[in-house]
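Input: a single structure, listed below in C-alpha cells.
The values are calculated or read from the model by the stated rules, or taken from the named source; none is laboratory data. Because the structure is a prediction, the values reported are computed rather than measured. FYI the Cβ positions are ideal-geometry reconstructions off the backbone, even for glycines, and counts take in every protein chain you see. When the accessible area is computed, the model is the full protein with side chains, heavy atoms only, and any ligands, DNA or RNA have been set aside. Shrake-Rupley method; radii C 1.70, N 1.55, O 1.52, S 1.80 Å.
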Amino acid sequence: MKAMNLILIGPPGSGKGTQAELLREKNGFVHYSTGEVFRDHIRRKTATGVKVEGYVTSGKLVPDDVVLEVVNAFLAENVGKPILFDGFPRTIPQAEGLDKVLGANSLKVDLAVLVDLADDEVVKRLTARRQCRSCSKIFNLTFKPPKKDGVCDDCGGELYQRKDDTESVIRDRLNTYHQQTEPVLDYYSAQDKLQRIEGAMGRDRVYEEILRLTGAVSS
Ligand code: AMP
C-alpha cells in the first residue's frame, strides 16, 4: 500500500471503526481514531481527558482547537506514513486544519470515503454494540456476538456498552453528524476526493470496495 492519507467519514455506527481495524491489520495503515484517543485520555484522567469528557459522554463534538491539538501531536510523529483517519475531520475547520499540516509537509488528503448508513439502521446497530475494555475490539449482539456473554473473544477482557451508545445520545450524535459533519462531504466532493459506499452492504463487501477505491486491488 502506498503512503496515502485516507479519511473514513460516516454516521456513527456505519462500520468505520471495523473497516479501519481491517485496513490496519491487513494493509499496514496507521489507524488514527480521534474518538479512541479521547476515550483513552478520559480513562487515564489526563488534562485533555477532563476537558473532553462531558462532550464525549453526551455525544457533542469536542471543540475544534482541542481536536486539532491532539491531531497535530499525532501528525508530528506520523506524517508521511499511510494514515487512515477515522472520525476526523468532523467539521470544516478540522478539514482545513488537516490540509494545512499535510500541506506544510508537501502531502495531501488522497481520498475521503463516506461509509453511509440510514439513521434507523444506525440506532439498531449502535444499541447492540459492545466494546472490550482491554483491547477495544468491537462486537455486536446482533451481527457479531461474542462466544461468551460479556467477554472478549480475543483477550478475555470485559465487554461494556459505551455511555454514548444509548438511543437518546445516538439521536443527538446523528443530529450533530447531519449538521456539522455533512458539510465536510461537500468540502471533499468539491475537490473530487469523495467516494460513497453503502454501509448496509456488510463488512466484507465494504472492505473490498474500500480496497478497490484505494487501488490496493483492481476489479
Ligand atoms: P467516535 O468514537 O468517533 O464515535 O467519537 C466519540 C465521541 O468523541 C464523539 O461523539 C465526540 O464527542 C468525540 N469526537 C471524536 N472525534 C471527534 C472530532 N473529530 N471532532 C469532535 N469531536 C470528536
(request) Assuming R0 = 25 Å, can you tell me the calculated FRET efficiency for the pair residue 72 and residue 168, based on Cβ-Cβ distance, to the nearest 0.05? (result) 0.15
(message) 5 Å is the cut-off here: which amide hydrogens, built 1.01 Å from N in the peptide plane, fall below it relative to residue 153, excluding neighbours closer than 5 in sequence?
(response) 147
(message) With both bridge residues required to lie in the chain, what share of the DSSP beta bridges run antiparallel, to the nearest 5%?
(response) 30 percent
(request) Counting helices only, and only those DSSP H runs with n ≥ 4, report the 222 nm mean residue ellipticity of the chain as the sum of -39,500 (n - 2.57) divided by its residues, in deg cm²/dmol to the nearest 500. (result) -14500 deg cm²/dmol
(request) Report in % the part of the accessible area of the range 1-78 that belongs to carbon and sulfur, leaving out ligands and nucleic acids; probe 1.4 Å. (result) 52 percent
(request) May I ask you to give the percent of accessible area on the range 167-219 that is carbon plus sulfur, with a probe radius of 1.4 Å? (result) 41 percent
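Tell me, what is the per residue accessible area of the range 139-219 in Å², probe radius 1.4 Å? Please report the intermediate quantities before stating the final value.
On the way: 4930 Å² over 81 residues.
Averaged over the residues of the range 139-219, the accessible area is 61 Å².
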(message) Between residue 212 and residue 134, what's the calculated FRET efficiency when r is the beta-carbon distance and R0 is 25 Å? Round to 0.05.
(response) 0.15
(request) Express the relative contact order of the chain as a whole percentage, based on alpha carbon pairs under 8 Å and six or more residues apart in sequence. (result) 28 percent
(request) Go through the range 66-74 residue by residue and turn each phi into a ³J(HN,Hα) via Karplus (6.51, -1.76, 1.60, θ = phi - 60°); whole Hz please, and just put x for glycine and proline. (result) 5, 4, 5, 4, 6, 5, 5, 5, 5
(request) Step through the residues of the range 101-112 one at a time and calculate ³J(HN,Hα) from phi using the Karplus curve (6.51 cos²θ - 1.76 cosθ + 1.60, θ = phi - 60°), rounding each to whole Hz and writing x for Gly and Pro. (result) 5, 5, x, 5, 10, 6, 10, 8, 6, 8, 7, 10
(request) Per residue of the range 160-176, in order, report the coupling 6.51 cos²θ - 1.76 cosθ + 1.60 (Karplus, θ = phi - 60°) as ³J(HN,Hα) in whole Hz, putting x for Gly and Pro. (result) 9, 9, 4, 4, 8, 9, 9, 4, 5, 5, 4, 4, 5, 5, 5, 4, 4
(message) Explain nothing, just the number: dipole magnitude of the chain about its Cα centre with +1 on each Lys and Arg Cβ and -1 on each Asp and Glu Cβ, in debye rounded to the nearest 20.
(response) 620 debye
(message) Using only the alpha-carbon atoms, what does the chain span along each of its principal axes? Please give whole angstrom values in decreasing order.
(response) 48, 45, 32
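Over all directions, what mean area does the Cα convex hull of the range 43-170 project, stated in square nanometres? Display every interim value, and only then the final one.
Working: hull surface 37.7 nm².
Projected over every direction and averaged, the Cα hull of the range 43-170 covers 9.4 nm².
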(request) Working with all protein chains in place, sort 115, 50, 30 by solvent-accessible area computed with a 1.4 Å probe, largest first. (result) 50, 30, 115
(message) At q = 0.17, 0.22, 0.23 Å⁻¹, what log₁₀ I(q)/I(0) does the range 1-92 have when each alpha carbon counts as one equal point scatterer in the Debye sum?
(response) -0.75, -1.20, -1.27
